[in-house]
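This report refers to the structure that appears directly beneath it.
The values are calculated or read from the model by the stated rules, or taken from the named source; none is laboratory data. Every value quoted in this text rests on a predicted model; they were computed, and no experiment measured them. Virtual Cβ from ideal backbone geometry, glycine too; neighbours counted across all protein chains shown. Heavy atoms of the whole protein, side chains included, go into the accessibility calculation; ligands, DNA and RNA do not. Shrake-Rupley method; radii C 1.70, N 1.55, O 1.52, S 1.80 Å.
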Amino acid sequence: MKRIKLTKEEKETLRIVDKFNGKCPCGFPLHVYNLSVRSLERKGLIKAAYLEGGAVEDARTTDEGKHYLCENPNLRNPINWTVVGVIAGILSLIVSVIALFISCTAMYR
């Protein structure tokens, strides 16, 4: 399964929904829980029922959410290898230019 980028609050909410069957514990902020449940529902990891005011009444982990938790138990975000490659290329270019200047100055001393 493809990794999905989750915020810190979404990761915690996904763990809470999976562990406590959708009930928000006392120590977790309710407004963060409500927003994270809505976001996770858009991503297909949670199915939720809402009250009239917009608060979450009940939330359950979908089959995709359970599968995602099984494959990625630490909920690590995906790595953008393009950015890593560009940074490595730029660093290697800088090192090679520095090495070129050092070798040219050492040659003419």
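Mind listing the long-range amide H neighbours of ASP58? Cut-off is under 5 Å, sequence gap 5 or more, other chains count too, H placed in the peptide plane at 1.01 Å from N.
Here the answer is ALA49, since their amide H atoms fall under 5 Å of that of ASP58.
Multiply the residue separation of MET1 and ILE102 by 0.36 nm, subtract the distance between their alpha-carbon atoms, and state the gained length in nm to one decimal. Spell out each step's value before the answer.
Details: separation 101, 0.36 × 101 = 36.36 nm, distance 4.85 nm.
So the chain would gain 31.5 nm between MET1 and ILE102.
Is it possible to state the helix-based mean residue ellipticity at 222 nm for the chain, with each DSSP H run of 4+ residues giving -39500 (n - 2.57), the sum divided by total residues, to the nearest 500 deg cm²/dmol? What is it?
Working: 4 runs with 62 residues, N = 109.
Calculated mean residue ellipticity at 222 nm is -18500 deg cm²/dmol.
Check ILE46: other-chain or 5+ apart residues with amide H under 5 Å from its amide H, H built from backbone geometry?
For ILE46, the qualifying residues are GLU41, THR62.
For the chain, what D do you get in µm² per second when you plug the Kirkwood radius from alpha-carbon pairs into Stokes-Einstein at 25 °C and 0.890 mPa s? Present the calculation step by step, with values, prior to reporting the outcome.
Working: Rh = 16.9 Å.
Stokes-Einstein gives a translational diffusion coefficient of 145 µm²/s.
State, as an integer percentage, the relative contact order of the chain based on alpha-carbon contacts under 8 Å between residues 6 or more apart.
This gives 25 percent for the chain.
What list of ³J(HN,Hα) couplings, whole Hz, do you get for region 32-42 from phi and the Karplus terms 6.51, -1.76, 1.60, once you set θ to phi - 60° and write x for glycine and proline?
5, 4, 4, 5, 5, 5, 4, 5, 5, 5, 5
Give me the 1.4 Å probe accessible area per residue for the chain, excluding ligands and nucleic acids, in Å².
On the way: 7900 Å² over 109 residues.
Heavy-atom SASA per residue in the chain reads 72 Å².
Looking at region 44-109, which GluC sites (Glu not before Pro) are in a loop (DSSP not H, G, I, E or B) and have at most 11 other Cβ atoms within 10 Å?
Hits after loop and neighbour filter: GLU52.
Mind giving me the FRET efficiency for PHE28 and VAL83? R0 is 25 Å, r the Cβ-Cβ distance, nearest 0.05 is fine.
The computed FRET efficiency comes out at 0.20.
If the reach is capped at under 20 angstrom between alpha carbons, list the lysines near LYS5, excluding any in the same chain fewer than eight residues apart.
LYS43, LYS47, LYS66
Once the convex hull of the alpha carbons of region 42-94 is built, what does its volume come to per residue, in cubic angstrom? Let's see the in-between values first.
Working: hull volume 6.8 nm³, N = 53.
Taking only Cα atoms, region 42-94 has a hull volume of 128 Å³ per residue.
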